[in-house]
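Colleague: I am attaching a structure below and will ask some questions about it afterwards.
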Amino acid sequence: MQKKLRIIILSILCCLAGKSLADGETLQNYVLVTDASTLAEGDKLIIVNSSGTRVAMAVQDKNNFKTENVTVSNGTIVLDPSDNQNAKIQVLTLEGVTDAWYFKTSDGKYLYAASSKENYLKTEDDKDNNAKAKITITNNNATIMFQGTNTRNLLRYNSSSDLFSCYYSDQQAVQLYRQETGESPELSFSTTTATYTFGDGAFTEPTLTKAEGAPAAVFSSSNAEVASVDAATGEVTINKAGEVTIKAVTPKTDDYRSGSASYKLTISKGETVLSYAETNYNVNVNEAFATPVLSNVRGVEVSYGSSDATVAEVDASTGAVTILSKRGTTTITASFAGNDQYTSAEASYDITVSDPIITTAMTAEEVTVFYESFNTNNGTGGNEGSWSGNIASSSIKFDNTGWGNSSGNGANKCIKFGSSKKKGSATTPSITVNEGQTYTLTFKAAPWDKESALVNLTVTGGTVSGLSTDVMTAEQWNNYSCTITATAPTMRIKFESSQKRMFLDEVRLKGRTLTDVVANTVSGALYGTLYLGNYSVKVPEGAEAYTMTLNGEGMLARSKTYSVGDVVPAGTAVVVHGAAGVYNFQLTDDEGEGDDNNLLRGSDKAETTTGPDGESEGYRFYMLSLDREKTEGSVGFYFNKGCPNGEAFTNGAHKAYLALEEGMVGGAKESFLFSELVDADMESTEEEPVEPEVTGIDHTELMPASDAPRYNLAGQHVGKGYKGIYIIRGRKVKE
């Protein structure tokens, strides 16, 4: 009904204009083609200049097509077949498929690009490649490019000559109008733009509307890698960030013209959120560290880095942290560089590595004494797989100051030294070691190009053994390990190739070095504890160590003192005293002299405190600490926090604690202050009391042993005539 009504209205308009339709004829509507994907074989087309004023004539004028006037109204051209002027317009029939179209003229010939030298647009009887055309439409303008060998193949309108012809480029664009006999499908999206974020679910907004009865639309995406669309429902699935055009097309039917509508979809990146629950950690040197859990909601792949790899190393892939022997603060950062789905992000936490507070943290296992990663070098060669050519030319950089090098250059997170004309070398800074100790050196080396080369080491202050004498395998890293025995307090290691050039990376020296003995100053005196179950050590200069017992009055007392050079036997727990500083306790094979009266115990690993019989029941346990308020001068042995009656607690590795049988002192004594510390062998005289050497520590006189008070195992005071087991001056006696 609508179609008939429209024809009637158009007929009336023609009559008003002085025109009439011949019997059996109808007005022909040509509608602007805005979407090349709607073109189909059999379409009737006319070619119009982009200004909408000139249309190609039906008759070819020698080498080109002349034009006729045309009137465009609301994207539509109405032609009257009975109008002689309109009859001159060239109506083309489209043949072929997408990217291989042919324009058939009204006299049965085919348009083609006719020359590479002249701007010719002609017709021919057969369909060859010069007649095959590719059609794209942008902003309503059609690009018609003939695909043959003739290079003047772009169909354009020449306003100065008033011709449609073929050119290399330039000239006025053209448009295609298609004869439509049905109703408009009235396709329209609710909006022409839409914005979503990666991570949003599938959606169907904007929504498509069409005329009632119009055929179903087929949906498509201009880039399915960004967003794909269900062809039948129009549901969009986001695949990554970017821009894409979602299009809906309806086919031509007997009742409806073909139609299309589209909207521009912008997909922004999803936000990456990385975080740690805590951002500050305090640990002791060489201490095991439980890696914090990274909150990574998006599950992106992150990389980890340490701002100071000499304080703490971090595995770049897993984030596992290794605390080293150097004091300082490093920032561990988890980073995501971003991709086409999520934004970049990072999260970090700080680790402050220091000496322990009050108690010591000792180890006789191999620890890293020196490490050089070379990771600050950002040149080429080595770690990216190239071993020769124009590489390794950047300035050389080191993690540690004091390196010496000859003809050295930075490569890719490694270094190269030497040149084609000059032999090179690299020498470490001076490394502090224990004379007589054996250390393990590991490093990676590679030859220049395919040179047959050996690695040579020269150590000042040490002797090398176990270094491989094999020729390095070319074009790859070779892993080396050897031992170095220190012959002086410091050493330097020089790396060379038997040839002139060599790559070097990952230099690490490890050894059984005992460090990190004592911590904070308390009233001018410094205290720590030490226990090594399997190693005897010598007391270094500036320090002393002593065992602990109880005197006859139940007071804490020094039992045996180990001075400078004395050997603390393996398995002997001691308190360490010295001025503020760090001390090296050198390992020794000497056995040393133990102390049977020592009430201190220890463990080589973190474990529950026990008495000499291996049991915790029946004992009270004390740890070296300050009072709860951290009062200056309050250092001593205290019940562990959370153990109000001296119950067992977890003792740290290589730390000592005080273990007393219940009843050795009256009541549940909570602490023994070092300000009340005495020597077990001091006896009272009429002379002035002996002053202690430790600043800020008071000593008290002791009565003769025969007059010392006695206590039963319940802690009750008993007389000299008591029979059974009693405690006097911290020792158990049976009468």
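The values are calculated or read from the model by the stated rules, or taken from the named source; none is laboratory data. Since this is a predicted model, take the numbers as computed values, not measurements. Don't worry about glycine lacking a Cβ; one is built from the backbone with ideal geometry, like all the others, and counts go over all protein chains shown. Note: accessible area is taken over every heavy atom of the protein model, side chains too, but ligands, DNA and RNA are not part of it. Shrake-Rupley method; radii C 1.70, N 1.55, O 1.52, S 1.80 Å.
Colleague: Since Thr105 meets every condition but one in (1) at pLDDT below 95; (2) farther than 20 Å from Leu39 by Cβ, which condition does it not meet?
Modeller: Here Thr105 meets the rest and fails (2).
Let's see how each residue does on (1) out of contact with any Lys or Arg (no Cβ under 9 Å at 6 or more places or on another chain); (2) farther than 14 Å from Ile46 by Cα; (3) part of a loop (DSSP other than H, G, I, E, B):
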| site | (1), (2), (3) |
| --- | --- |
| Ser82 | no, yes, yes |
| Leu94 | no, no, no |
| Trp101 | no, yes, no |
| Gly108 | yes, yes, yes |
| Leu111 | no, no, no |
| Ser116 | no, yes, yes |
| Asn119 | no, yes, yes |
| Lys134 | yes, yes, no |
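Colleague: Additional query: Within region 187-209, count every residue that is part of a loop (DSSP other than H, G, I, E, B), open to solvent by 60 Å² or more (accessible area, probe 1.4 Å) and touching a Lys or Arg at 6+ places or on another chain (Cβ under 8 Å).
Modeller: 1
Colleague: Which condition number does Ala214 fail, the rest of (1) assigned to a strand (DSSP E or B); (2) in contact with a Pro (Cβ under 7 Å, 6 or more places away or on another chain) being met?
Modeller: Just one mismatch for Ala214, condition (1).
Colleague: Here are Phe103, Phe146: which of them is open to solvent by less than 30 Å² (accessible area, probe 1.4 Å), within 30 Å of Thr245 (Cβ to Cβ) and without any contact (Cβ under 8 Å) to a residue 40 or more places away in the chain?
Modeller: When all the criteria are applied, what remains is Phe146.
Colleague: Still on this model: For region 156-169, give me each residue that is in contact with a Phe, Trp or Tyr (Cβ under 7 Å, 6 or more places away or on another chain) and touching a residue at least 24 places away in the same chain (Cβ under 8 Å).
Modeller: Listed by number, the residues that qualify are Tyr157, Leu163, Phe164, Ser165, Cys166.
Colleague: Can you name the residue in region 533-561 that is among the charged types (D, E, K, R) and assigned to a loop (DSSP other than H, G, I, E, B) and, of all such residues, is surrounded by the most Cβ atoms within 10 Å (Cβ to Cβ)?
Modeller: The qualifying residue surrounded by the most Cβ atoms within 10 Å (Cβ to Cβ) is Glu553.
Colleague: With the structure loaded, tell me whether Glu212 is open to solvent by 70 Å² or more (accessible area, probe 1.4 Å), at pLDDT 95 or above and over 33 Å from the mean Cα position of the chain (by Cα) or whether it fails that test.
Modeller: Against the criterion (open to solvent by 70 Å² or more (accessible area, probe 1.4 Å), at pLDDT 95 or above and over 33 Å from the mean Cα position of the chain (by Cα)), Glu212 does not qualify.
Colleague: Scan (1) open to solvent by 30 Å² or more (accessible area, probe 1.4 Å); (2) within 20 Å of Val48 (Cα to Cα); (3) out of contact with any Lys or Arg (no Cβ under 8 Å at 6 or more places or on another chain); (4) in contact (Cβ under 8 Å) with a residue 24 or more places away in the chain for the single condition Thr151 breaks and write down its number.
Modeller: For Thr151, the exception is condition (2).
Colleague: Which condition does Glu225 not pass, out of (1) closer than 30 Å to Ser37 by Cβ; (2) touching a Ser or Thr at 6+ places or on another chain (Cβ under 8 Å); (3) among the charged types (D, E, K, R); (4) open to solvent by 60 Å² or more (accessible area, probe 1.4 Å), if it passes all the others?
Modeller: (2)
Colleague: Could you please find all residues in region 423-436 being open to solvent by less than 50 Å² (accessible area, probe 1.4 Å) and either assigned to a strand (DSSP E or B) or among the basic types (Lys, Arg) (or both)?
Modeller: Those that are open to solvent by less than 50 Å² (accessible area, probe 1.4 Å) and either assigned to a strand (DSSP E or B) or among the basic types (Lys, Arg) (or both): Ser425, Ala426, Thr427, Ile431.
Colleague: List the number of the failed condition for Val236; all other conditions in (1) among the aliphatic types (A, V, I, L, M); (2) at pLDDT 95 or above; (3) within 30 Å of Val55 (Cβ to Cβ) hold.
Modeller: Evaluating Val236 over (1) among the aliphatic types (A, V, I, L, M); (2) at pLDDT 95 or above; (3) within 30 Å of Val55 (Cβ to Cβ) leaves (3) as the failure.
Colleague: Residues of region 78-100 being closer than 20 Å to Leu163 by Cβ and open to solvent by less than 30 Å² (accessible area, probe 1.4 Å), which ones?
Modeller: Selection gives Ile89, Gln90, Leu92.
Colleague: Also, I was wondering about something else. Any idea which of (1) at pLDDT 95 or above; (2) of a type in the set (Gly, Ala, Ser); (3) over 20 Å from Thr67 (Cα atoms) is the one Gly148 doesn't satisfy?
Modeller: For Gly148, the exception is condition (1).
Colleague: Which residues, taken from region 566-596, are part of a loop (DSSP other than H, G, I, E, B), at pLDDT below 90 and among the small types (Gly, Ala, Ser)?
Modeller: Residues satisfying the conditions are Ala570, Ala579, Ala580, Gly581.
Colleague: Anything in region 121-132 that is in contact with a Lys or Arg (Cβ under 8 Å, 6 or more places away or on another chain) and surrounded by 15 or more Cβ atoms within 10 Å (Cβ to Cβ)? List them, or say none.
Modeller: Thr123
Colleague: Here is a further query. Could you go through region 166-180 and let me know if any residue there is over 54 Å from the mean Cα position of the chain (by Cα), within 23 Å of Asn86 (Cα to Cα) and either open to solvent by 60 Å² or more (accessible area, probe 1.4 Å) or among the aromatic types (Phe, Trp, Tyr) (or both).
Modeller: Yes, there is a match, as at least one residue in region 166-180 is over 54 Å from the mean Cα position of the chain (by Cα), within 23 Å of Asn86 (Cα to Cα) and either open to solvent by 60 Å² or more (accessible area, probe 1.4 Å) or among the aromatic types (Phe, Trp, Tyr) (or both).
Colleague: Quick one: would you say Pro644 is open to solvent by 60 Å² or more (accessible area, probe 1.4 Å) and in contact with a strand residue (DSSP E or B) (Cβ under 9 Å, 6 or more places away or on another chain)?
Modeller: It is false that Pro644 is open to solvent by 60 Å² or more (accessible area, probe 1.4 Å) and in contact with a strand residue (DSSP E or B) (Cβ under 9 Å, 6 or more places away or on another chain).
Colleague: With the condition kept exactly as written, say whether any residue in region 695-705 is buried (at least 16 other Cβ atoms within 10 Å of the Cβ), in a loop (DSSP other than H, G, I, E, B), at pLDDT below 85 and in contact with a helix residue (DSSP H, G or I) (Cβ under 8 Å, 6 or more places away or on another chain).
Modeller: Scanning region 695-705, I find at least one residue that is buried (at least 16 other Cβ atoms within 10 Å of the Cβ), in a loop (DSSP other than H, G, I, E, B), at pLDDT below 85 and in contact with a helix residue (DSSP H, G or I) (Cβ under 8 Å, 6 or more places away or on another chain), so the answer is yes.
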